[in-house]
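Okay, structure first, notes after.
The values are calculated or read from the model by the stated rules, or taken from the named source; none is laboratory data. Everything numeric here is computed off the predicted structure, so don't read it as measured data. Note that we place each Cβ from the backbone using ideal geometry, even for glycine, and neighbour counts take in every protein chain shown. These accessible areas exclude ligands, DNA and RNA; they are computed on the full protein's heavy atoms, side chains included. Shrake-Rupley method; radii C 1.70, N 1.55, O 1.52, S 1.80 Å.
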Amino acid sequence: MPESVLQQIQDEMMALPGVGSSILEISHRSADFDAILDDARSAVERVMNVPDTHEVLFIQGGGALQNIMIPANFCTPEAQTADYILTGAWGKKSAGEVKYYGDLNIAYDAGDTNFNHLPKQSDLKLTPGAAYVHLTTNETIHGIQFKSMPDTGGVPIVADKSSDIMCGPLNVADYGLIYACAQKNAGTSGVTIVIVRKDLLARSADRLPSYLDYAKHSKAGSRFNTPPTFSIYATGLVCKWLESKGGVEKIEAENKHKSQLIYDVIDNSAGFYTGHVVNKDERSIMNVVFKMPSDELDARFCSDAKNAGLTTLKGHRSLGGIRASVYNAMPVEGAEALAAFMKDFAAQNG
Ligand SMILES: Cc1ncc(COP(=O)(O)O)c(C=O)c1O
């Protein structure tokens with residue numbers, strides 16, 4: 001979270017300005033919350049330049065529920081097959097839920113090389129007339145990020161952008177549906193931003209349990225049941241912070257700079273640090289994943305870094321090594337401090 005947003009939340013916690021009560025106690029049906037919800041929705045629309053063809057929804061249940069809602073809504077008797085492009089652990093998890101509602105086609109699986117590369121267009125085994133093509137634009141654990149979308153021949157692209165939403169400009173019109181749990185770049189846990197092409201809302205047409213139906217969330221204005229009021233409020237504040245910083249163009253330049261500071265140390269370390277992703281242009285500008293020649297060095301790196309005030313660097317348990325996340329709220333100074341620490345550590349231990 002940006003520090004200034006945390007400060008604002010602290011300042012407003014006892015009483016929202018002009019409201020007199022806390023965000024934690026106002027009714028989700030009150031005019032005051034109406035204003036907060038509308039404000040958060042328009043802030044997301046502005047930051048992401050969402051066209052009229054698409055609608056922003058706030059839903060609970062995180063990425064895990066989206067993994068179910070997507071096939072539930074979009075796999076129909078006319079288009080039963082959903083194509084999944086697997087470039088990391090999150091996409092694999094998403095694919096695991098399709099079987100309850102449709103037929104799964106793995107259009108590409110980079111798992112054989114432990115998700116260290118992206119497919120080329122010619123590698124994809126897409127199904128003509130598929131219900132949709134799912135991909136994870138930024139694989140958080142493996143540190144690999146799509147910089148452009150594949151050609152799906154008109155089949156809607158469904159993208160998990162949980163760890164790179166708002167990291168830079170995006171043409172929302174290229175997507176059938178975008179989803180992102182908010183807790184990386186867009187607020188706190190508890191709310192998931194879903195941006196859906198309006199014409200796709202008709203696909204589920206009353207054949208689903210109510211909560212799973214996007215059309216019902218849309219009809220209820222993201223208030224099908226009690227919404228996560230605090231998380232929606234926080235998302236609004238984070239979006240406004242992003243606008244105050246100059247928007248997604250500016251933040252993208254900053255994210256590229258922060259990640260490059262760390263990649264440069266890796267690339268100039270004469271093999272002491274090894275990045276997980278093979279091709280430089282596929283490396284994530286959000287999660288920098290690398291390792292050292294031994295598990296012992298990885299562990300020492302984390303404990304020495306912690307002593308130097310640099311925390312949360314341990315790689316995901318499934319991959320080991322180090323993961324430096326430089327989400328939007330990470331200041332440039334944070335990346336600079338890590339890069340300097342890495343140079344020292346390599347000099348002492350290489
Ligand atoms: C790409 C991606 N998808 C999904 C999730 C998590 O989803 P959930 O909200 O179900 O925990 C994460 C969280 O780290 C993620 O990085």
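With N as its number of residues, region 247-349 has a Cα radius of gyration that, divided by 2.2 N^0.38 Å, comes to 1.01.
Accessible area per residue for the chain, computed on protein heavy atoms with a 1.4 Å probe, is 43 Å².
With a simple spin-label model that places each label point 7 Å from the Cα along the Cα-to-Cβ direction, the separation between Ala347 and Lys99 comes to 5.4 nm. For Ser30, the accessible surface of its heavy atoms amounts to roughly 30 Å² (probe 1.4 Å, protein chains only, rounded to the nearest 10). Per residue, the convex hull around the alpha carbon atoms of the chain comes to 133 Å³. Other residues within the sphere of radius under 12 Å centred on the Cβ of Leu124, judged by their own Cβ, net out at -2 (K and R +1, D and E -1). Applying 0.36 nm per residue to the separation of Ala64 and Lys120 and subtracting their alpha-carbon distance, the gain on full extension is 17.4 nm. Measuring nothing but protein heavy atoms, the accessible surface of the chain at 1.4 Å probe radius is 51 percent carbon and sulfur. With the whole protein complex present, Lys314 retains an accessible surface near 150 Å², based on a 1.4 Å probe. For region 1-46, trypsin sites (Lys or Arg not before Pro) are listed when DSSP marks them as loop and at most 14 other Cβ atoms sit within 10 Å of their Cβ; the list is Arg29.
Ranking Thr127, Thr312 from most to least accessible surface, computed with a 1.4 Å probe over the protein chains only, gives Thr312, Thr127. Annotation for region 1-100: GluC sites (Glu not before Pro) lying in DSSP loop with at most 15 further Cβ atoms inside 10 Å of their Cβ are Glu25, Glu78.
For the chain, the relative contact order works out to 19 percent when only alpha carbon pairs closer than 8 Å and six or more residues apart are counted.
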